[in-house]
Amino acid sequence: MQKLTQEGQNLVNDLSNRYNLSSDAVIHMIVAVNNGGGTMAQFNSPELGGGGQWMRGGMTMVGDMFNNGLKNTVDNLCNEISNALANTTIFPVIPAGTKGSNQWWPTNLGTPFSSGSQNNIRYAVFPQRLAVELNGETTVYDTLDNNISGVSQQQGGDTSLTFSSQYGTILVSTLPIVSGAGMPPAPQSNFAQTIENNLNNEEPQTSINTDMNTDESANSIIDLIQKLSQLHDAGALSSDEFNTKKSELLSRL
């Protein structure tokens, strides 16, 4: 179990009682918000509907995407945790530059001008350097002449990262390694473009075998609807566009 200070344990007990959640579920959410720098979180908690995402002042997504009550619970819980992280020492202080520290990158890199995390990956951007932590192991890359404006993890559960620069979208694994083992390369894919292509074509790009059973087909359609909901929540689709596409997908069930 994650080590906590006495203040941190008191916070867990309080949130557990008020939100009717187990201590493990609350600690899981505290770690998720902490990994997201206090402004975002990616989590997977059975007590909170499974996998989901939260962004402060933005969107909240849960496994049961039409459960507004659950969304409100997650949003309120994460906001409380975010405020507590800013004002309370929840975790024991770990020296900078070591595993488990909020300043996990090598100390000689200084202070990053951008940092974040997704799933089990953390990243920090410095002048001419990009530090990436995967499963506790840190790799530092030479960013060459790229001006990095954003880092994102590929969809589908792989461990590849891309970054945006003046040259477009580039795989992190193509950068020279300064220190560390590096990240395994993986095929590049674009989540928003994939969804847009699926919606614009008469048939989804992901083919369904003729011998696929009904449950598998229904799950594929439900997955597409959930991705549509994410785009709608992010403002990429209007309510009319979302409802129209949702109706088209539901008609295939």
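The ranking of L171, L249 from fewest to most other beta carbons within 10 Å of each one's beta carbon is L171, L249. Per-residue 3J(HN,Hα) values for segment 64-72, derived from phi via the Karplus relation 6.51 cos²θ - 1.76 cosθ + 1.60 with θ = phi - 60°, read 8, 5, 9, 8, 5, x, 5, 4, 5 Hz in sequence order (x marks Gly and Pro).
Taken together, the values in this text are just the output of simple stated rules run on the coordinates, not laboratory data. Owing to the predicted nature of the structure, the values given are computational and were not obtained by experimental measurement. Cβ coordinates were reconstructed from backbone atoms using ideal geometry, including for glycine residues, and neighbour counts include every protein chain displayed.
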